[in-house]
Structures are given as structure tokens and as C-alpha cells.
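Remarks on the structure that follows.
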Amino acid sequence: MTESRDLGWIRSWATSPQMTDAVFADVTLRQEIRISGGGRRVRIRLTNEYGTAPLTVGAGRLGLATAGGGIAPGSDRVLTFGGRAGVVIPAGAPVLSDPVDLPVSALARLSVSLYLPNRVEACTGHDMPLDTGWVIPGDAVAEAALPGDAEPLPAWALVSAVEVLPDEPAGVVVVLGDSRVDGVGSTAGGGWPERLAERGVYVCGQGISGNRLLNDGLGPSGLARFDRDVLATPGLSHVVVSIGLNDIAVSFAPRVGPLADFLTMFPGEPVTAQDVIAGFRQLIDRGHDRGVRVYATTMAPYGGNDIFSPEGEAVRRTVNDWIRTSDAFDAVLDFDAVWRDPTRLDRIRGDLHEGDHLHGNDAGYQALADSIDPSIFK
């Protein structure tokens, strides 16, 4: 298998594209992004993949972010697309900006400003709250300081990846997952892939809250988006599969009260342990065909959450045993062992979850990142 990469483009940050209900017109979107690894040049990937009409970006800027939504002096760069200041992105398509000469260090915070002159109704983004994004009336891409009429942007919009040219050979780790990869329950940007990046790893978290491996529902299934979100990643060297618990939990959850209405968002027949394992084998084969290593995390507990059932717990343990013992994956990260309560093996330790017995808090996600030896990605 490939152990290193030439000095080509490396994806340093990414978020999985989704349909959002945001509507914009004649506004500037300013979003701050903390990349994982650095490089000497940068390009931005914009997405209209769920758009139903062409999307016009009238102007764009890139710079190093400062506190309060500002741009560091001397770092402001104009974004161009094929040499032009704006671009029309076809419905269903992404677009890459031209490379920008801007040296960036690992964990640098970038500011991306995009002016949208026309009405955008079907906006592709990522349904995860952020505290470092703003909507500004009119064309404000060149404003070094955040204008006073800026309003909070509730979720990621249009920007799906940041790529860099590194100064030395490197590979990127892409994590395919659900809400636990998205960092639900943590402060903004506090998920375990972000914490892993702080240990010198180029890493992209491709989590979708509520996502499943085998069936669509909240976003396309892991099997359906694997090529787009993972295998198409520039510089890909390792995949971490951290998905499947929602398949199991939804299959056996009690259909009573408000939970029954919630579960209607998850179509498809109940799955078995063998169904999930077969899905994992598909990802392994597809990853190995591209010459990348495929790792897995075990599924951490969820006892105490409304979606828990004894039947689902039995399947979770069966699949975890297979992950640990089958040697099907190139390596295993035992997140179940990190999070489980030694006195209640079906539950997360009380100090590691956000209160719902399903998602981590900042300490929980930090514990997952700390359990990983970064050398396994070399």
C-alpha cells in the first residue's frame, strides 16, 4: 500500500455537503475555518451539490482570521476562479478556487468571505452549528473588520473543503462517521478529529449527525457518500470508519411516544449484525482498491438514551467483537473501551457525555483523541 504522497494537494479541512434550509440574497457570508495541517498555498472548495439551480458567487476573499471576525493585516487575498473574480457553480457541482499564495501554519484559522448577489434558496452546506460565521448585507468581502450589521450564520454554507500544498510529503486521514464524528455535545470545533489534528495529523472529519452506514435518512448513507466524501480526497492515505451505531439503534429502538415520530426520518428495514459487517467489508474493499489503509473505531455505548434497547445493545457488542477480532481492518481504535463505564458496560462514563448518554462532551472527545497513537498514520 502507499505509505507516502508526492507534494501534491492535501485536504486540510472538510465538512460533508448536505441540503440546508438557509436562504440568502445580496449578502456576504464570512466563515472561519481552523485547518489541520499547514502549507504554502491554499485553495477553497465550494459546493452547490444539492442546489437546484446555478449559484453565482460574485466575489470572494481569503485571509487569516483575527478575533471578532476580522482579517489579519497583510493576509487578505482575492479568490479567483479560472482567473475571474466570480464564478457560477452549476447545480449539483462543486468548484475549486484558483490557488492562493498564502503560507499557513498547522491549526491556522482562515476567514473565507463570499458575496452572493442573487437569491439562493437551495443552499448546500452542513447542518452543524458554528459560532464563527456571519451574514453581512451587501458586498462586504473586502472589509477587514466585521461590520456592525453582521448577524450570526447558523450553520456551514457553501464551503466544503480547504486544501493546501504542504512543505513536505504528507497524507490525510478522513473519518467517515455520524454525530460523534461531528462533535455533537462539544463546544464548537471540539470533536475528536479536531483534537487529533492538534497532535500533528492532517485530518478531515466527514461526519453527519444521524447518519447511517446502510440506509439514507439524515444525509446519504455512508456507503453512498464514501466515494465523494472519502475516496475523492486529495492526499488521502488513511480512512477511519466510525459509523454504524445509528443503523443498529434505529432498528431496535422502541416505537413509542415522541420517539416514534422521530424514527420516521430513518426509512428502511431493520438491520442485523451481519448486515453491518457486510457494509464494513464493502468500505474496506473499496478503500484497499484505492491503496489506502482502512481503520475502524468500535461503537461506544448508548445505554440511558431514549433510543437504547437491549436488542440493539446485543448487536452492538456482536459487531464490536467482530471489529476487534476479525483482522478485517488495518487497525482498530477501541472507543468503546475508552468511553464505557466499568460498572455499566452499556453506558458512557458520566464525566464523558453531554448528559444524553449518547454524545460526548469536551472531555469525552478529548479522551478519544488522546487514546490514538498518531504514529499509526505515518
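Quick note: the coordinates plus some simple rules give every number you see, no bench work behind them. Bear in mind that the values here come from a model prediction, so they are computed numbers and not experimental data. Here Cβ is always computed from backbone atoms with ideal geometry, including for glycine, and neighbour counts include all displayed protein chains.
The figures follow:
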quantity: Separation of the Ala337 and Asp167 label points, Cα + 7 Å toward Cβ, nm; calculated: 3.7 nm
quantity: Paramagnetic label zone (point 7 Å from Cα along Cα-to-C-beta, Met265; backbone N under 17 Å) in the range 193-214; calculated: 207-214
quantity: Label point distance in nm, Ala314-Asp356, each placed 7 Å from Cα along Cα→Cβ; calculated: 2.7 nm
quantity: Spin-label model distance (nm) - Ala224 vs Arg77, 7 Å beyond Cα toward Cβ; calculated: 3.6 nm
quantity: Least to most buried among Glu194, Glu311, Glu354 (fewest other Cβ within 10 Å first); calculated: Glu311, Glu354, Glu194
quantity: Proxy reagent accessibility, fewest Cβ within 10 Å first, across Met19, Met128, Met265, Met299; calculated: Met265, Met19, Met128, Met299
quantity: Estimated 222 nm signal from helices in the chain, with DSSP H stretches of n ≥ 4 weighted -39500 (n - 2.57), rounded to 500; calculated: -5500 deg cm²/dmol
quantity: Mean separation of Cα contacts under 8 Å, 6 or more apart, over the residue count of the chain: relative contact order %; calculated: 19 percent
quantity: Neighbour-count order for Ile136, Ile243, fewest beta carbons within 10 angstrom listed first; calculated: Ile136, Ile243
quantity: Contour minus Cα-Cα distance for Ala188 and Ser326 (0.36 nm per residue); calculated: 46.1 nm
quantity: Gain upon complete extension [Val88, Asn118; 0.36 nm per residue less C-alpha separation]; calculated: 9.7 nm
quantity: Angle between the chain longest axis and helix 310-325 axis [Cα atoms, degrees, rounded to 10]; calculated: 80 degrees
quantity: Computed lengthening from Ser105 to Arg255, 0.36 nm per intervening residue step minus Cα-Cα distance; calculated: 49.1 nm
quantity: Acute angle (nearest 10 degrees) that the helix 273-289 long axis makes with the longest principal axis of the chain, alpha-carbon atoms; calculated: 40 degrees
